[in-house]
Every structure is written in C-alpha cells, then in structure tokens.
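Student: Input: one structure, supplied below.
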Amino acid sequence: MMSEVKTASLTLMLAMSTSASFAADLSLVRSFEMPGPSGLAYDGLYCGLWVANETRDVVLINLHGDEIRRFEAELGRVDAIAIEGDALLLSDGNGTYQKVDREGTALSQPYRLSSVLSDTDGLFFDDQTHDYWVADDTMSQLLRVRADGEITQRVYGSQQTPQMMEPQGITRDPVSGNILAVDDADASDSLFEFS
C-alpha cells in the first residue's frame, strides 16, 4: 500500500569546511515545498536533484526548486534513487530495482538486487568500486552489495552509539571519502559518518 504523500520542505544546505578534519558547519541557504521527498540523488550533468516521493513520479529539479524534468516510473512507487553512470537506479523500497535513462525509459526489467534486501530507504552507487550501498530500514543496517547481489559488508545500526534504528539515506562524502548515513525523525535524528 502506497503511503500517504505529504508536502514537506526540501531544504538545501551549504556545507563549509572548518578544519582539516572536514568538520562542517551547515547554514540554511533556501528551502522550498516539495511533495513528500523520500529519496534524493545529485546529478552533476544537470546540476540538479532527482527526487523520489513514494509515488511513481520521479522529478529532476534545479537547486532553486524549479522542475527541469519529470517522468512516471514503471515501478509501483519509487522510494530511493541513485545515479549509476549514465543511468538512474530506482528502488520501490521493497527490494525491487530498475535502471532507467534520464528520460525515464527502462534500461532493464525490474529485478531483485539481493534477496536479503526488503526495505530500501537509501541508495548510493559507488562509482569508485561499482558497489551499491543500501540503507535498509527494516534490518537497521547499511549494506554494501556487489552487482551480482553478494553482500560484502554490513554496518549494524544496533551496534552504533547512538543506535541507528531507521537508516533512511546514504551517500559518500566527496571530500573525505567517508560514508554518510541519516537516521530519520522517528529514531535518533542523527547523521552518521563511517570511514
């Protein structure tokens, strides 16, 4: 069942490095209304953000919130999104994935990346290793998955301090190379950084 779509404020932040250890102070630059964003992926080709919102709509917006492009996905809903080379990788949040081009044309049939994945709320394709990083809410884990579906690394949320109970988003910091993951408002409202 598709969750109810609510209007949420999508906030764009500017990070400024304050020390050699890459600590950052965040300052609000601007915010704008966007219907229930659940997944984001920055696209350097367009200098824009692909936004998923737990519907079939996938929207590309510029950094001022203006719509650049929109398409309807074949998946029943899109909960998470990642850039994989020239393609977008979409996840329905329930373990099904599909690759599409930037116009929304399917490049693959829907498929299971791994039988273990059940609640993908965050997705990142590492173009350095060609692995996928998945934030799985139900398992409270971050998983590193090869293209053949083999899980090569797990980060257990229950073993973190504070505990990471509902990981929702994941990416790599382009400066430090560290993995960043967020825990949503129902849990600890925390940002985790892993080497």
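The values are calculated or read from the model by the stated rules, or taken from the named source; none is laboratory data. The structure displayed is predicted, hence computed values, not measured ones. Counting neighbours? That spans all protein chains shown, and the Cβs are built from the backbone with ideal geometry, glycine included. Surface accessibility is based on the protein's heavy atoms, side chains included, excluding ligands, DNA and RNA. Shrake-Rupley method; radii C 1.70, N 1.55, O 1.52, S 1.80 Å.
Student: What number, in nm² with one decimal, is the all-direction average of the projected area of the convex hull of the alpha-carbon atoms of segment 90-182?
Tutor: The number I arrive at for segment 90-182 is 6.4 nm².
Student: In nm, to one decimal, how far is the ARG146 label point from the GLU67 one, both placed 7 Å along Cα→Cβ?
Tutor: It is 4.2 nm.
Student: Also: Please list log₁₀ I(q)/I(0) at q = 0.12, 0.15, 0.18 Å⁻¹ for the chain, using the Debye equation with identical point scatterers on the alpha-carbon positions.
Tutor: Values returned for q = 0.12, 0.15, 0.18 Å⁻¹ are -0.57, -0.93, -1.38.
Student: Now for a separate question. Using only Cα positions of segment 47-121, each an equal point scatterer, no hydration layer, compute I(q)/I(0) via Debye at q = 0.14, 0.22 Å⁻¹ and quote the log10 values to two decimals.
Tutor: Debye intensities relative to I(0), on a log10 scale: -0.39, -0.93.
Student: Please turn the phi angles of segment 61-78 into ³J(HN,Hα) values with the Karplus equation 6.51 cos²θ - 1.76 cosθ + 1.60 (θ = phi - 60°), one per residue in order, whole Hz, x for glycine and proline.
Tutor: After applying 6.51 cos²θ - 1.76 cosθ + 1.60, I find 10, 7, 6, 10, x, 7, 6, 9, 7, 8, 8, 9, 6, 6, 4, x, 7, 10 Hz.
Student: Given a 10 angstrom Cα cut-off, can you work out which residue in LEU40, LEU107, LEU90 is the most mobile in a GNM of the chain?
Tutor: Looking only at LEU40, LEU107, LEU90, the largest GNM fluctuation is found for LEU107.
Student: Where is the GNM fluctuation largest for the chain (alpha-carbon springs, 10 angstrom cutoff): SER91, SER27, SER158?
Tutor: SER27
Student: Mind listing the phi-derived Karplus ³J(HN,Hα) values for segment 171-179, rounded to whole Hz, using 6.51, -1.76 and 1.60 with θ = phi - 60°, and x for any glycine or proline?
Tutor: 7, 10, 5, x, 8, 7, x, 6, 8
Student: Specify which residue in the list GLY44, SER114, VAL78 is farthest towards the positive end of the charge dipole of the chain, using unit charges on the beta carbon of Lys, Arg (+1) and Asp, Glu (-1), about the Cα centre.
Tutor: So the residue we want is GLY44.
Student: Please list 138-145, 174-181, 28-35 highest first by mean number of surrounding beta-carbon atoms within 10 Å per residue.
Tutor: For the peptides 138-145, 174-181, 28-35, the packing ranking is 138-145, 174-181, 28-35.
Student: Sorting TYR111, TYR132, TYR42 by accessible area (1.4 Å probe), largest first, what list results?
Tutor: TYR42, TYR111, TYR132
Student: Taking the Cα centre of the chain as origin and charging only Cβ (+1 Lys, Arg; -1 Asp, Glu), how large is the dipole, in debye to the nearest 20?
Tutor: Roughly 220 debye, rounded to the nearest 20.
Student: Can you work out the Karplus-derived ³J(HN,Hα) for every residue in segment 89-101? Use 6.51 cos²θ - 1.76 cosθ + 1.60 with θ = phi - 60°, whole Hz, and x for glycine or proline.
Tutor: Once θ is set to phi - 60°, the couplings for segment 89-101 become 10, 10, 10, 7, x, 10, x, 9, 10, 7, 9, 9, 7 Hz.
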